[in-house]
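To start, the structure itself, in structure tokens.
The values are calculated or read from the model by the stated rules, or taken from the named source; none is laboratory data. All figures in this text were calculated on a predicted structure; none of them were measured in a lab. So basically every Cβ, Gly included, is an ideal-geometry build from the backbone, and we count neighbours across all protein chains shown. Each accessible area value is taken on the protein alone, full model and side chains, heavy atoms only, with ligands, DNA and RNA left out. Shrake-Rupley method; radii C 1.70, N 1.55, O 1.52, S 1.80 Å.
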Amino acid sequence: MSELASRRILLGVTGGVAAYKAAELLRLFVKAGADVQVVMTDAATRFVTPVTLQALAGRPVHTDMWDPGIANNMAHIELSRDRELIVVAPATADFMAKLAHGLADDLLSTLCLARECPLAVAPAMNRQMWDNAATRRNAGLLRSDGVAVIGPAAGDQACGETGMGRMVEPGDVYAEVVALLAPKTLAGRRVLVTAGPTFEPIDAVRGITNLSSGKMGYAVAQAAAEAGADVTLVSGPTSLVTPARVARIDVTTAREMRDAVMARAGGADVFVAVAAVADYHVLDAKDHKMKKQPGVAPSLKLAENPDILAEVAALPRAPFCVGFAAETENLREYAQAKRTKKKIPLLAANLAREAFGADDNALTLFDDHGEHVLPRAPKIRLARALVGHVARMLASR
Ligand code: C5P
């Protein structure tokens, strides 16, 4: 089931070149099963036609305050009455100014003023318009009024200039909308997550590491942030982008990860250890590159790394701890044993060969009540299910 299935969104489109991106955003909403009502300003119709958006939405697009087709002539109330969110993408500088000052001189601005649901805007404009003190002031006013301002992004602009002001990509607006509509089951909770591998140097250019893309840990951090938590992600080396509203701390070795975690674990309500921490580090690692000597294979002396999860779980006022286990066989048996050994209330287990590097995974959760199977799905969806499970366990404690 998609996260936006049957969610009722009003997509407002205002007059900027980025209006073409609204078509892609609308397609993403519709594909996810959302129920989308599109409202365009007159200027927006100069950039994309209502027919295009109507075909994608599968229902009439509204542009006019005085539409005789609205039964009680109350378009400004009628069209947003049952909506869970209004998202205006793109939002021009002019439209943001109107919103900030409560003007209502067309259908979309009137709907925004008369709304009962949350409002999000994705600004799109020339960089100088975005830099203008009035626009910055208006964006600040909107934020302080509780409006979610999504972006803008930096990059090439339609006018040929480069700078801040592009509308963020439709996929990113979509992700923000998912987050805005997610139930805030972890509001007020501080969540600490580890992700990725650790890298243990042998010398300046070599090391030992574990296989881990970091995708599952980043998905957990994202899902926790969507659920309203204050999230810190302690990450080993990965090439992933930090999820929105997540504070990220980069580390390389297990010992660095341990220090970063222990400095924050006391203040955390939840600790989710997703990182594939190397079990050993190399004693006497060299700062320089070791030269190869023909016929001589050096041997490495290893020493055990700290078990971060066990250490956090043993704290006197330990956060709610969640462990991960990637196994190649005997999943249930090893997972149960690991949960008991590390004294943690919840452990998520998966078969290693199915998860590595992939965007999909399947998880089994083990807790005091037994096991809960989360069937194969994209990692972000599994992460949201895991976060929901944690929130329920926390609420029943
Ligand atoms: O001990 P094992 O690696 O099998 O357990 C996996 C779980 O323990 C994962 O949640 C992992 O993040 C955590 N772990 C840890 N520190 C280690 C080893 C594992 O936090 N040194």
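Within the range 274-294, if we keep just the residues that are open to solvent by less than 70 Å² (accessible area, probe 1.4 Å) and part of a strand (DSSP E or B), the residue that is nearest to ASP203 (Cα to Cα) turns out to be VAL282. The selection criterion, being within 30 Å of LYS291 (Cα to Cα) and touching a His at 6+ places or on another chain (Cβ under 9 Å), holds for THR198.
Residues of the range 295-310 being closer than 14 Å to GLY207 by Cα and either surrounded by fewer than 10 Cβ atoms within 10 Å (Cβ to Cβ) or more than 39 Å from the chain's Cα centre (by Cα) (or both), which ones? Answer for the range 295-310, where residues must be closer than 14 Å to GLY207 by Cα and either surrounded by fewer than 10 Cβ atoms within 10 Å (Cβ to Cβ) or more than 39 Å from the chain's Cα centre (by Cα) (or both): PRO298, SER299, LEU300, LYS301.
Check every one of the strands (runs of 3 or more DSSP E) wholly within the range 184-273 and list those with 3 or more residues that are surrounded by fewer than 23 Cβ atoms within 10 Å (Cβ to Cβ).
Numbers: elements: 190-195, 199-201, 207-209, 230-235, 246-250, 270-273.
Answer list for the range 184-273: 207-209, 246-250.
For residues in the range 350-372 being buried (at least 21 other Cβ atoms within 10 Å of the Cβ) and not aliphatic (A, V, I, L, M), which is farthest from the chain's Cα centre (by Cα)? The selected residue is PHE366.
Suppose the filter is open to solvent by less than 20 Å² (accessible area, probe 1.4 Å), in contact with a strand residue (DSSP E or B) (Cβ under 6 Å, 6 or more places away or on another chain) and away from the ligand (no atom under 12 Å from the Cβ); does LEU347 pass it?
No, not satisfied.
In the range 340-376, the residue that is nearest to VAL312 (Cα to Cα) out of those that are among the small types (Gly, Ala, Ser) and in a loop (DSSP other than H, G, I, E, B) is GLY357.
Tell me, which residue of the range 290-308 that is touching a residue at least 60 places away in the same chain (Cβ under 8 Å) and out of contact with any Asp or Glu (no Cβ under 7 Å at 6 or more places or on another chain) is nearest to the ligand (Cβ to nearest atom)? Full working, then the answer.
Going through the range 290-308, the residues touching a residue at least 60 places away in the same chain (Cβ under 8 Å) turn out to be 290, 300, 305, 308.
Narrowing the set further to residues that are out of contact with any Asp or Glu (no Cβ under 7 Å at 6 or more places or on another chain) leaves 300, 308.
Details: LEU300: 18, ILE308: 3 Å.
The qualifying residue nearest to the ligand (Cβ to nearest atom) is ILE308.
Which residues, taken from the range 264-289, are more than 30 Å from GLY388 (Cβ to Cβ) and more than 11 Å from the ligand (Cβ to nearest atom)? Answer for the range 264-289, where residues must be more than 30 Å from GLY388 (Cβ to Cβ) and more than 11 Å from the ligand (Cβ to nearest atom): VAL282, LEU283, ASP284, ALA285, LYS286, ASP287, HIS288, LYS289.
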